[in-house]
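The values are calculated or read from the model by the stated rules, or taken from the named source; none is laboratory data. Remember, predicted model here, so these are calculated numbers, not experimental data. Here the Cβ positions follow ideal geometry from the backbone for every residue, glycine too, while neighbour counts run over all protein chains shown.
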Amino acid sequence: MNDDELMAGVRDAFTVLDPVPGDVLAAGRAALAWRLPGATLAALARDGAAGAARGTRGGPVRALTFACPDATVEVEVAEAGRFRELTGRIVPAAAASVAVRHRDLPPDPAGAPVEPGGLFCLPDVPAGPVSLLFRLDGGASVVTSWAHV
């Protein structure tokens, strides 16, 4: 018996005795669907919470900054019940669309336009881990690392 035959026997034994649950396989396939090999990763550079300014309405706002060599993404996260509103900008400003990647949303979401000054607003984002995908008009993409909002 060679190594390949031994490993095939072990694999068959585990398939019978301890099969991988279907939801685990589905989660693994979904994780691979999130991969964007050609995108530039903007990593989380700063995560800070600031209280509401004195004399203003509203609750605390969380400020996130993601950075990569070509761009910086600044995001403010405001709580709205079980949802979040993400507002921010991409610097330098670029013609683009922005989409939210979240486990409860489709893997290839439609994007919202980024305004000419690089500003964007994404209302009704479910709480949980999110990543933002910017599709620039030139064909390049920038994706932020995952952050829990």
Scanning region 97-139 residue by residue, those at pLDDT 90 or above and on the phi > 0 side of the Ramachandran plot turn out to be Gly118
Single match in Val143, Val125, Val130 (criterion: within 20 Å of Pro37 (Cα to Cα) and touching a Leu at 6+ places or on another chain (Cβ under 6 Å)): Val143
Would it be correct to say that Met7 is in a loop (DSSP other than H, G, I, E, B) and either at pLDDT 90 or above or of a type in the set (A, V, I, L, M, F, W, C) (or both)? no
Report the residue count in region 1-21 for those that are more than 36 Å from the chain's Cα centre (by Cα) and not hydrophobic (A, V, I, L, M, F, W, C). 6
Region 95-149, residues that are small (Gly, Ala, Ser), part of a loop (DSSP other than H, G, I, E, B) and buried (at least 18 other Cβ atoms within 10 Å of the Cβ): Gly118
How about region 72-121: which of its residues are polar (S, T, N, Q) and either in contact with a Lys or Arg (Cβ under 6 Å, 6 or more places away or on another chain) or touching a residue at least 40 places away in the same chain (Cβ under 8 Å) (or both)? Ser97
Restricting region 84-94 to residues that are under 18 Å from Leu64 (Cβ atoms) and not acidic (Asp, Glu), the residue that is surrounded by the most Cβ atoms within 10 Å (Cβ to Cβ): Ile90
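Residue-wise test of (1) at pLDDT 90 or above; (2) surrounded by 15 or more Cβ atoms within 10 Å (Cβ to Cβ); (3) touching a helix residue (DSSP H, G or I) at 6+ places or on another chain (Cβ under 6 Å).
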site	(1), (2), (3)
Ala33	no, no, no
Ala39	no, yes, no
Gly48	no, no, no
Gly51	no, no, no
Ala67	yes, yes, no
Val75	yes, yes, no
The number of residues in region 129-149 that are more than 10 Å from the chain's Cα centre (by Cα) and not aliphatic (A, V, I, L, M) is 6
